[in-house]
Amino acid sequence: MAEFIIANMAPLMFGALVVFLLFGYPVAFALAANGIVFGLIGIELGLLTPALFQALPERIFGIMANDTLLAIPFFTFMGLILERSGMAEDLLDTIGQLFGPLRGGLAYAVIFVGALLAATTGVVAASVISMGLISLPIMLRYGYDKKLACGVIAASGTLAQIIPPSLVLIIMADQLGKSVGDMYEGAMIPGLVLTGLYVGYVAILSVLKPAACPALPPEARSLRGFKLMLRVLTTLVPPLVLIFLVLGTIFLGIATPTEGGAMGAAGALILAVARKRLDFKLLRQAMATTGKLSSFVVFILVGSTVFGLIFRGVNGDLWVEHLLLSLPGGQVGFLIVVNLLVFILAFFLDFFELSFIIVPLLAPVADKLGIDLVWFGVLLAVNMQTSFMHPPFGFALFYLRSVAPASIKTTDIYWGAIPFVCIQIIMVALIIIFPNIVSYGDEAQKEQQRLEKEGKAPAAADLESLMTPAEGEDKGTSAQDEEKAAAELLKNLQSDANK
């Protein structure tokens, strides 16, 4: 029995974690408990040494000292302030008036507002709940199909997962050891393409089933002409300025993601003050929710660190690597299996849990197969986005259910989500087929990375060897030359001083 446990410690450890999660135990504690228990078993069987646990305090302190994770509370706070200060309501009302004359105009408005909220808040729950409260009753009042209305709102809210400043991209960059700025830049085009696919689906549906998404009647369009254009400018300009303040400065290299998040949080407070909607109650709610979410992330990260340390100690990383490298089809086979695995696990785990548990196991294998890790991270982020839309466990569906009126059945929400889940799967396929969709960095950086992968990059210059005389060179002569040069320099300085 002991021999069997020693030989299969890694799969047993992973299997035990899955069982704990299926029983509903908190993820952070399930990870840490599995790591500690299997670590003690490994010590008892002579597979591990007690010294392994001495590395835990240093690793946990490293998490606390990680500057990248500071961006999470900043972006969360910014999103909550904007959501509670009524920005979503103003945007939906204005863009709804703008697209009102078109069939499907309200659905287009919800999608575009979802993209704008994603680029300013980065919080899925805030986007889905605010749009569910504001736009769902209006869409139902003007005759929209219940399934379409629910699907559009849930899907648009999940754009906050992939469009920067997404929280999952920060976690993904941390776990992959890559720059958050590169991850943001790489995810921007896929996020916009996905938004375009949502719009395309609504456009097709408005032609095939015009009764499902009618245009607004004239009496519902209260703003026209110059008044409408003035409202569009005054409503759209502030969030667009905030988007540039946050993302533009990061992409241009002026600010780090943490600094961009801090500027975004300050900008959100300024916008709330300008709207005269900032009060102590709003501030307290935003700070409390930010503290809870940040603590949630840090606790999961600590648990995953404990689990990861012991898992690597029992050669779990080698077991996963051997398992995935032996798949047929090379890179393509690996990508197909990994995406299927993430898609299935997303039924039961949210993106934080997937990022902390699965990504650290997959990243070394992807790197060995020559897959760009930023591209791989964006691909996984788009795939994980389906975790919010999966019936019956999608979190976006739960958020929408909590604010939907009683006339909306749970099955309406589920059936409405399925077409958008299919669109997200199509987006995953597009990224694999057309990898240049994920674009980041300048040409020099990309060329350097390509040469490093191919092993053709020039060796780094060794300054010590450059300063040391070559073999066979007369060291004494070299020293004499240096003394002469120093004496000549001192003479010149003295003559300049005398002048």
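The values are calculated or read from the model by the stated rules, or taken from the named source; none is laboratory data. Every value quoted in this text rests on a predicted model; they were computed, and no experiment measured them. With ideal geometry, Cβ positions are generated from the backbone for all residues, glycine too; neighbour counts draw on all protein chains shown. Protein only, heavy atoms only, side chains kept; ligands, DNA and RNA dropped before computing areas. Shrake-Rupley method; radii C 1.70, N 1.55, O 1.52, S 1.80 Å.
Here are the numbers for the structure shown:
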| item | result |
| --- | --- |
| Where a residue in the stretch 165-178 is in contact (Cβ under 8 Å) with a residue 24 or more places away in the chain and its partner, wherever it lies, is part of a helix (DSSP H, G or I) and among the charged types (D, E, K, R), with Cβ under 8 Å and at least six apart | ALA173/ASP182 |
| Elements of type helices (runs of 4 or more DSSP H) in the stretch 232-330, at least 1 residues being open to solvent by less than 80 Å² (accessible area, probe 1.4 Å), touching a residue at least 24 places away in the same chain (Cβ under 8 Å) and hydroxyl-bearing (Ser, Thr, Tyr) | 257-274, 280-313 |
| Residue tally, condition without any contact (Cβ under 8 Å) to a residue 60 or more places away in the chain, in a loop (DSSP other than H, G, I, E, B) and surrounded by 15 or more Cβ atoms within 10 Å (Cβ to Cβ), over the stretch 26-68 | 1 |
| Filter result for THR411 (in a helix (DSSP H, G or I) and surrounded by fewer than 24 Cβ atoms within 10 Å (Cβ to Cβ)) | yes |
| Matching option when the condition is out of contact with any strand residue (DSSP E or B) (no Cβ under 8 Å at 6 or more places or on another chain) and open to solvent by 20 Å² or more (accessible area, probe 1.4 Å), among ILE425, ILE358 | ILE425 |
| Test result for SER166, among the polar types (S, T, N, Q), surrounded by 24 or more Cβ atoms within 10 Å (Cβ to Cβ) and over 11 Å from the mean Cα position of the chain (by Cα) | no |
| Yes/no for ALA366 being without any contact (Cβ under 8 Å) to a residue 60 or more places away in the chain and either among the hydroxyl-bearing types (Ser, Thr, Tyr) or open to solvent by less than 20 Å² (accessible area, probe 1.4 Å) (or both) | yes |
| Complete set of residues in the stretch 197-230 that are open to solvent by less than 40 Å² (accessible area, probe 1.4 Å), part of a helix (DSSP H, G or I) and either closer than 30 Å to ALA381 by Cβ or modelled with pLDDT under 80 (or both) | TYR198, VAL199, GLY200, VAL202, ALA203, LEU205, SER206, ALA220, LEU228 |
| Residue count, the stretch 1-24 (criterion: in a loop (DSSP other than H, G, I, E, B) and either surrounded by 15 or more Cβ atoms within 10 Å (Cβ to Cβ) or touching a residue at least 60 places away in the same chain (Cβ under 8 Å) (or both)) | 0 |
| The stretch 331-379: number of residues that are of a type in the set (Val, Ile, Thr), under 27 Å from VAL19 (Cα atoms) and either touching a Phe, Trp or Tyr at 6+ places or on another chain (Cβ under 6 Å) or assigned to a loop (DSSP other than H, G, I, E, B) (or both) | 1 |
